[in-house]
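Scroll down for the structure; my scribbles are underneath it.
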Amino acid sequence: MLGLKLPTDPRWVNIVEKNIEDILSDHAWCEQKAASTAVSLIVSFPEYTELTQEMIALVKEEISHFKMVHDKILERGWVLGRDRKDDYVVQILKFFPKGGSRTTQLVHRLLYAALIEARSCERFRLLSEELEDKELAEFYRKLMVSEANHYTMFLGFARQYGNRKEVDQKWNDLLSYEAEVMKNLGKHQSIHG
């Protein structure tokens, strides 16, 4: 369903199991960045009323996810760690050329948001199925559903605002590019890395 061309190596869960505190902090920051992305889309493209309405709802949802993850951190007696650069996102952004029309810029931002949500969904599914910590596995199962909805929403808006044939080609090219990026990731205690 997600269209990802390279699944996460299941051994990534072993890294997660040994680094739950780091993963939860990284995950919390991913949720905060998702909320910030939604705000940024509102600020940059306010004339797209339907998008703006959906982004308002998304900000609320993502910041509630941030709180849920932060609560998990506190329940375990930890504190939120510092934000770190997300190598996955840095590499994905390199796929898109700078400039272009406002519509092109919007479509590119929607596509990379869709991809990040798709990969998060795939990772959350893996955690929900493989984590030995059953309470945390159930937590990730619930979040997986939200990520899938976000992925389809962003991709749907990209197709709505751009030329469908061009958007689908760009999406397919992005998925191929992302598969190459993923070959070098999955070895670190982060949601995407």
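Computed from the coordinates by the stated procedures, all read-outs in this text should not be read as laboratory data. Since this is a predicted model, take the numbers as computed values, not measurements. Cβ: placed from backbone, ideal geometry, glycine included. Neighbour counts: every protein chain shown.
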Open item on the list: Please list log₁₀ I(q)/I(0) at q = 0.09, 0.10, 0.13, 0.14 Å⁻¹ for the chain, using the Debye equation with identical point scatterers on the alpha-carbon positions.
Closed with: -0.32, -0.39, -0.67, -0.78
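Below 8 Å, C-alpha to C-alpha, sequence gap of six or more: please give me the relative contact order for the chain in percent. Walk me through the numbers on the way to the answer.
On the way: 208 pairs, mean separation 64.4, N = 193.
Contact order relative to length: 33 percent.
Could you calculate the contour length gain from ASP168 to ARG11, that is, 0.36 nm times the residue separation minus the distance between their Cα atoms, to one decimal place in nm? All intermediate terms of the calculation are to be shown ahead of the outcome.
Details: separation 157, 0.36 × 157 = 56.52 nm, distance 3.14 nm.
Stretched out fully, the ASP168 to ARG11 stretch lengthens by 53.4 nm.
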Task: Cα gyration tensor, the stretch 110-193 - rounded (a/c under 1.5), prolate or oblate - done: oblate
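If you count, for each residue, the other Cβ atoms within 10 Å and average over each peptide, how do 83-91, 54-62, 129-137 line up from highest to lowest? Before the final figure, lay out the partial values.
Details: 83-91: 15.3, 54-62: 17.9, 129-137: 13.6.
Descending mean neighbour count gives 54-62, 83-91, 129-137.
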TODO: Enumerate the lysines that LYS85 could reach by cross-link, defined here as Cα to Cα under 20 Å, with residues fewer than 8 away along the same chain left out.
DONE: LYS33, LYS94, LYS183, LYS187
Open item on the list: Against the 2.2 N^0.38 Å scaling, with N counting residues, where does the stretch 35-146 land? I'd like the Cα-based Rg ratio to two decimal places.
Closed with: 1.23
Task: Farthest toward positive dipole pole in the stretch 74-167 [+1 Lys/Arg, -1 Asp/Glu at C-beta], among GLN160, SER146, LEU131 - done: GLN160
Open item on the list: Explain nothing, just the number: dipole magnitude of the chain about its Cα centre with +1 on each Lys and Arg Cβ and -1 on each Asp and Glu Cβ, in debye rounded to the nearest 20.
Closed with: 580 debye
Task: Value of [θ]222 nm, deg cm²/dmol, for the chain, DSSP H segments ≥ 4, -39500 (n - 2.57) each, nearest 500 - done: -25500 deg cm²/dmol
